[in-house]
Amino acid sequence: MSPRSASVNEQLRRRSRERLLQATVDLVGERGYAATTLGDIADRAGSARGLVSYYFTGKRQLFQSAVHRLMHLTLEAALEREPRTDDGNECLARAIDAVLGLAVDRPVLLRAHMAGILQEEGFVRCPEQQRLEFLLRGTLERYGSPDVDAEYPLLRALLMGAVFAVVVPGAQLPLERLRAELFLRYGLDWELGRV
């Protein structure tokens, strides 16, 4: 039997990592962050516990990476859905609706994510977060932002604030109100988006 090629090994590593990320999203969504252990995640992913440590420095990094992966996959699907478009206003509306939709559909997950960002470790930059940033920056470029470097952090902050307002227990703001504020800020027609 011949040894596997480097490309096959890389593909296997990528799949293994993706299984861990998906298992994290699934388990935290079902049980919450505190009730989910790294062992549970490894078991759900069908991986050895040591593999988690190989890819991630700890549970917090794994969790933030998993949520950022879910966010970039959701955003990517929204931007690529039919009818495909390069219309900047439509793309930005789809991006806003995709992120707000995650907050509505996955409140336990997004609540834990927001709480984790507020912890001592703060915001974790990871490949998944960078993919999300790439998609949002591209959306702002299509929208026609004259200064994407200045506009991206503001859009990110506005989206994070809107997510927080959707998921905070006992003080939620109505989704339609948040959507209206974001659409007004960017001059988007109400009929656009709707992932």
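The values are calculated or read from the model by the stated rules, or taken from the named source; none is laboratory data. Here the structure is a predicted model, which is why all the values come from computation and not from measurement. Reconstructed Cβ throughout: ideal geometry from the backbone, glycine too, with neighbour counts over all protein chains shown.
Do we find a residue being among the acidic types (Asp, Glu), loosely packed, with under 15 Cβ neighbours inside 10 Å and either touching a helix residue (DSSP H, G or I) at 6+ places or on another chain (Cβ under 6 Å) or at pLDDT below 95 (or both) anywhere in region 123-138?
For region 123-138, residues among the acidic types (Asp, Glu), loosely packed, with under 15 Cβ neighbours inside 10 Å and either touching a helix residue (DSSP H, G or I) at 6+ places or on another chain (Cβ under 6 Å) or at pLDDT below 95 (or both): absent.
Just need a number here: residues in region 31-55 that are touching a residue at least 24 places away in the same chain (Cβ under 8 Å) and not aromatic (Phe, Trp, Tyr).
7
Here is a list: LEU79, LEU73. Which entry is within 21 Å of GLY144 (Cα to Cα), under 17 Å from the mean Cα position of the chain (by Cα) and assigned to a helix (DSSP H, G or I)?
LEU79
How many residues does region 1-29 contain that are outside any helix (DSSP H, G or I) and of a type in the set (Gly, Ala, Ser)?
Result for region 1-29: 2.
Please find, within region 142-155, the residue that is surrounded by the fewest Cβ atoms within 10 Å (Cβ to Cβ) out of those that are farther than 15 Å from ILE96 by Cα and touching a helix residue (DSSP H, G or I) at 6+ places or on another chain (Cβ under 8 Å).
Selected residue: GLY144.
Mind telling me which of the residues VAL124, VAL108 ends up being among the β-branched types (Val, Ile, Thr), assigned to a helix (DSSP H, G or I) and closer than 27 Å to PHE63 by Cα?
VAL108
Can you find even one residue in region 30-37 that is among the small types (Gly, Ala, Ser), assigned to a helix (DSSP H, G or I) and under 27 Å from ALA115 (Cβ atoms)?
no
Just to verify a result, which residue in region 164-187, among those that are closer than 16 Å to ASP105 by Cβ and touching a residue at least 60 places away in the same chain (Cβ under 8 Å), is surrounded by the fewest Cβ atoms within 10 Å (Cβ to Cβ)?
Top of the filtered list is LEU175.
Assuming VAL104 fulfils every condition listed in (1) touching a residue at least 24 places away in the same chain (Cβ under 8 Å); (2) over 30 Å from PRO146 (Cα atoms); (3) of a type in the set (Val, Ile, Thr); (4) surrounded by 20 or more Cβ atoms within 10 Å (Cβ to Cβ) apart from one, which condition is it?
For VAL104, the failing item is (4).
Just for region 44-93: of the residues that are among the polar types (S, T, N, Q) and closer than 23 Å to ARG125 by Cα, which one is surrounded by the most Cβ atoms within 10 Å (Cβ to Cβ)?
GLN64
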